[in-house]
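Below is one structure, written out as structure tokens, with a few remarks after it.
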Amino acid sequence: MEQRHLGRTGLRVSRIGLGTLTWGRDTDEHDAADLLKTFWEAGGSLVDTADVYGDGDAEYLLGRLIEGLVPRRDLVISTKAGSVPDPDRRSDGSRGHLLAALDDSLTRLGTDYVDLWHIHAFDPATPLEETLQALDMAVSSGRARYAAVSNFCGWQLAKAATWQLAAPGTRTRLAGTQLEYSLLQRGIEREVLPAAQDLGIGLLPSSPLGRGVLTGKYRHSTPADSRGGSEHMAPFVAPYLDDTASRIVDAVATAADGLAVTPLQVALAWVRDRPGVTAPIVGARNAQQLTAALSVEALSLPDEICRALDDVSAPLHRYPDHDWSTL
């Protein structure tokens with residue numbers, strides 16, 4: 001699998017990442033082992049998790065599989081901290097919470113360091129410089145090799161990245177940012193993606209298959225064994241089952257028919273090769289699904305297909321997102 005640099009850093013990752021959102025909850029140890037081995041054997045290196053996935057069980061499960069199944073040195077492990085299960089406070093970016101969460105993550109993962117550590121979400125109740133100081137301390141102590149953020153909007157990302165570049169002292173530049181990005185969700189193109197590109201920050205798209213909808217599995221019904229058919233995941237899929245999404249999915253299916261490939265391959269190749277993207281993070285229930293996603297390695301979409309998909313899924317950009325003189 002092709003390797004790419006994450007942002008303006010020396011960190012190289014596989015251009016498809018393996019997500020672990022369902023590990024320890026819907027994905028048991030047997031299936032997780034199959035997924036990790038399949039990913040590694042295909043040349044994949046970037047494995048993405050978070051301290052809140054499966055209430056910590058995703059990290060614990062990944063830690064059990066490291067070394068026994070896949071050498072630690074072959075993986076780029078990415079995890080996150082800052083999300084909290086508190087309805088009154090969705091994120092905690094305080095230095096104390098973040099550094100304690102990192103220590104807990106390292107314990108569950110059974111490793112001395114993570115390759116990439118994300119602040120999972122912006123915390124408006126904590127001064128940003130305090131949150132960023134936790135990144136600096138994590139890297140300077142060797143507990144994290146590179147730093148990133150997740151789910152920051154445009155101004156938040158630009159402020160954080162600029163602070164790290166311009167503030168006095170030894171600061172850790174942001175290597176990456178993780179947000180949802182697909183043909184069904186192109187909102188980051190307004191401000192986040194331009195900021196990331198300008199500041200040398202690599203994008204790691206989550207839900208690159210539109211929460212599974214872009215595979216075409218929901219075109220005619222909701223499969224009982226799908227996320228949309230799951231009681232706790234159905235609300236996650238529902239926003240992408242409207243008429244607008246249906247038109248985009250139909251266009252993806254038409255492109256797939258013309259190229260003799262699958263809708264999954266078309267949708268994933270599109271987002272993988274967008275400007276500013278380093279590696280989409282793909283989740284899969286089993287090794288068969290993952291193999292289907294990894295088969296996109298050999299596919300590059302023709303320019304005319306890309307333009308057609310761009311047109312049918314184009315988000316509405318208005319002042320001041322783009323050059324005002326064209327409006």
Report the residue, chosen from Phe236, Phe39, Phe152, that carries the largest GNM mean-square fluctuation when the chain is represented by alpha-carbon nodes joined by springs under 10 Å.
Phe236
Loop sites in segment 166-268: GluC sites (Glu not before Pro), DSSP, at most 13 other Cβ within 10 Å
Glu231
In square angstrom, rounded to the nearest 10, how much accessible surface does Lys217 have for a 1.4 Å probe?
70
Counting each DSSP H run of 4 or more residues in the chain as -39500 (n - 2.57), what helix-only mean residue ellipticity at 222 nm follows after dividing by all residues, to the nearest 500 deg cm²/dmol?
-11000 deg cm²/dmol
Between (1) 5, 16, 21, 20, 14, 8, 4, 3, 3, 2, 1, 1, 0, 0; (2) 6, 26, 35, 25, 8, 1; (3) 5, 19, 20, 16, 14, 10, 8, 5, 2, 0, which matches P(r) over Cα pairs in 10 Å bins from 0, in percent calculated for the structure shown?
(2)
Expressed in angstrom and rounded, the centroid-to-centroid distance over alpha carbons for segment 54-102 and segment 137-194 is 18
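The values are calculated or read from the model by the stated rules, or taken from the named source; none is laboratory data. The model shown is predicted, which means the values in this text are computed figures rather than measured ones. Neighbour counts are summed over all protein chains in view; Cβ atoms, including those assigned to glycine, are modelled from backbone coordinates with ideal geometry. Ligands, DNA and RNA are excluded from the accessible area calculation, which covers all protein heavy atoms including side chains. Shrake-Rupley method; radii C 1.70, N 1.55, O 1.52, S 1.80 Å.
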